[in-house]
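Notes for the one structure printed next.
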Amino acid sequence: MRVHVQNDPDDPEFLIAPEQWHAAAADEPQHEVSFGATAEDFRRARDSVELLVGPPAALRRLRPLAAPHLRLVFVNAAGVDGLAPFDWLPPGVVLLNNRGTHGPKAGEYVAMAALMLAARLPDLLAAQRAQRWHRLPTPVLAGRHAAVIGTGDLGSAGARQLRALGVCVTGVNTRGTPHPEFDAVVPVAALDALLPRAALLVLACPLTPATLGMIDRRRLALLPAGAGVVNIGRGKLLDAAALCDLLEAQHLGGAVLDVFDREPLPTGDRLWTTRNVIVTPHLSCDDPESYTHRSLGVLFANLRAWRAGQAMPNLVDPARGY
């Protein structure tokens, strides 16, 4: 198969280098592979490429995508909302993402965030910066209840780690489809009934028209006093202004946020200074030591399924946005 890898020159940490490709492809049939980072690099490969590989930022620069023999596009990311709408995708071309790459790091991040919020570490850090001795004894995390919106790779990894800490975890997905990593799973229609008993709310779902702004002011207010919020999904899932208001009013206990409506988070944004908010710069799910190898493993598993005439596990439905 004729493959072209289009890297993002602005994100060298996660580029796919030839040596990484060949190490991961040791058991694959021989592919003719080219690598590039500029429009000219893609132009040279355009007339023969069958499989195009790249992160969203690199693929956006190639739109409209004109490649007469193109059959597959593999997005080196799980979230594809940055590529919507998908009218740039030629008819009949299959779109894949790298869902399954991020779970191990995402699970650790959710566990870290849950422990920080349970121990009221944001409060303690504020006291430290003020050089104020402020004792805040807190109960253990075990026995509390968490709601995790999204039961895919990120949400299930977070649920696994939370349950290992003794947390009771209810997942939320479109239809309430059960998942073994959760104590229970409910449909989105039951979310309002779930929130009042969730000491921790974790957002780990993709951004789609159905999830845009789903955690609004009304739903945040349904959380119990002192609840914590963790967002590793997308910034636009959440009403950030409402979150800040409820934190300042001390209805919510704290938030750990890794994703934002605008990235990088602008200087002067209210989230930088709102009490008990921890900001991390969109790094919750990315392990630079294993990311590329795991991502290519996902790609090759899909190619094996495709060659065998089987369903590809990472097929993206453009109509649903994931």
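Of note:
- Among the candidates L299, L252, residue that is in the same structural domain as N76 (by TED's automatic domain parsing), more than 17 Å from E108 (Cα to Cα) and either under 21 Å from the mean Cα position of the chain (by Cα) or at pLDDT 95 or above (or both): L299
- P178 satisfies every condition listed in (1) more than 18 Å from T280 (Cβ to Cβ); (2) surrounded by 14 or more Cβ atoms within 10 Å (Cβ to Cβ); (3) touching a strand residue (DSSP E or B) at 6+ places or on another chain (Cβ under 6 Å) except (2).
- Check on R44, without any contact (Cβ under 8 Å) to a residue 24 or more places away in the chain, out of contact with any Pro (no Cβ under 9 Å at 6 or more places or on another chain) and either assigned to a strand (DSSP E or B) or farther than 19 Å from A301 by Cβ (or both): yes
- The number of residues in the stretch 275-290 being crowded, with 19+ Cβ neighbours inside 10 Å and either among the aromatic types (F, W, Y) or over 21 Å from the mean Cα position of the chain (by Cα) (or both) comes to 1.
- Taken over the stretch 280-321, the residue count meeting the criterion of being part of a helix (DSSP H, G or I) and touching a residue at least 24 places away in the same chain (Cβ under 8 Å) is 13.
- Of the criteria (1) over 22 Å from the mean Cα position of the chain (by Cα); (2) of a type in the set (D, E); (3) not in a helix (DSSP H, G or I), which one D192 fails: (3)
- The number of residues in the stretch 257-279 that are touching a residue at least 24 places away in the same chain (Cβ under 8 Å) and either closer than 23 Å to G82 by Cα or part of a loop (DSSP other than H, G, I, E, B) (or both) comes to 11.
- Looking at A113, A77, A67, A126, just one residue is surrounded by 17 or more Cβ atoms within 10 Å (Cβ to Cβ), touching a residue at least 12 places away in the same chain (Cβ under 8 Å) and closer than 26 Å to L247 by Cβ, and that residue is A113.
The values are calculated or read from the model by the stated rules, or taken from the named source; none is laboratory data. Source: prediction; values computed, not measured. A quick note on method: Cβ atoms are made from the backbone with ideal geometry, for glycine too, and the neighbour counts reach across all protein chains shown.
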